[in-house]
Amino acid sequence: MVEIRLKGLDETDRFGRKLGKLLESGDILSMAGDLGAGKTTLTKSIGVGLGVEDYITSPTFTLINEYRGRLWLYHFDVYRLEDETDLEDLGYEDYFYSDGVTIVEWGDRIESILPEDRIDMEIKRGRELDERVIILRGKGDRYKQIVKELDID
Ligand SMILES: Nc1ncnc2c1ncn2[C@@H]1O[C@H](COP(=O)(O)OP(=O)(O)O)[C@@H](O)[C@H]1O
Ligand SMILES: [Mg+2]
């Protein structure tokens, strides 16, 4: 487990871009954290690191948005999901087990259907208004390695 303190949007942006550059084909990142914690904000920066040029918006009402960068980015938000069959109708497995990168906001709500190997990220508010604390857990060798690299500096 690694804990990273981000003081202000600039540090969040830098961290997100760095993570985006490290991600590779098939990677999956599950995000947990309250409303307004910063999941979408961080996803925007990860997208930049992945080379996405389109403006990333919250997929709260669409369940998923897709973007083309260096790889495809599949950005889910399952906050409003009432029934897992809605995800099945969407063919979620084709995304989770694809060549792209998948990010799931509120992924902890659908943990039972997430791939076992993944990064689990929790975002919490820090002491200051613009401070965030990121807790990372890599499951599986590849993701442990990414988390280790993010822990440096
Ligand atoms: N260090 C920070 N990292 C991320 N967001 C921050 C930070 N400081 C302040 N914020 C603000 O917190 C809010 C996070 O909102 P959002 O990313 O939509 O959260 P979520 O997707 O988790 O509901 C934004 O208004 C953002 O500007
Ligand atoms: Mg959000």
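The values are calculated or read from the model by the stated rules, or taken from the named source; none is laboratory data. Computed from a predicted model, the values in this text were never measured in an experiment. Cβ placement follows ideal geometry from the backbone for every residue including glycine, while neighbour counts extend to all protein chains displayed.
Applying the criterion of being in contact with a strand residue (DSSP E or B) (Cβ under 8 Å, 6 or more places away or on another chain) and free of Cβ contacts under 8 Å to residues at least 24 places away in the same chain to the residues of region 105-147, the residue that is surrounded by the most Cβ atoms within 10 Å (Cβ to Cβ) is GLY138. Every listed requirement among (1) more than 13 Å from ligand 2 (Cβ to nearest atom); (2) surrounded by 14 or more Cβ atoms within 10 Å (Cβ to Cβ) is met by THR85 save one, (2). Would you please name the residue that is farthest from ligand 1 (Cβ to nearest atom), looking only at residues in region 98-115 that are part of a loop (DSSP other than H, G, I, E, B) and under 15 Å from the mean Cα position of the chain (by Cα)? By that ranking, first place goes to PRO115. Only residues that are among the charged types (D, E, K, R), under 26 Å from ASP141 (Cα atoms) and assigned to a loop (DSSP other than H, G, I, E, B) were counted in region 24-57, giving 2. Residues that are closer than 17 Å to SER112 by Cβ and over 15 Å from the mean Cα position of the chain (by Cα) within region 82-96 comprise GLU82, ASP83, GLU84, THR85, ASP86, LEU87, GLU88, LEU90, TYR92, GLU93, listed in sequence order. Can you find, within region 37-96, the residue that is farthest from ARG5 (Cα to Cα) among those that are within 14 Å of ligand 1 (Cβ to nearest atom) and of a type in the set (D, E, K, R)? Looking at the filtered set, the residue picked out is ARG80. The single residue among SER98, SER45, SER30, SER58 that is of a type outside the set (A, V, I, L, M), at pLDDT 95 or above and away from ligand 2 (no atom under 16 Å from the Cβ) turns out to be SER98. In region 68-81, the qualifying residues are those that are within 14 Å of the chain's Cα centre (by Cα) and away from ligand 2 (no atom under 11 Å from the Cβ), and the one that is surrounded by the fewest Cβ atoms within 10 Å (Cβ to Cβ) is TRP72.
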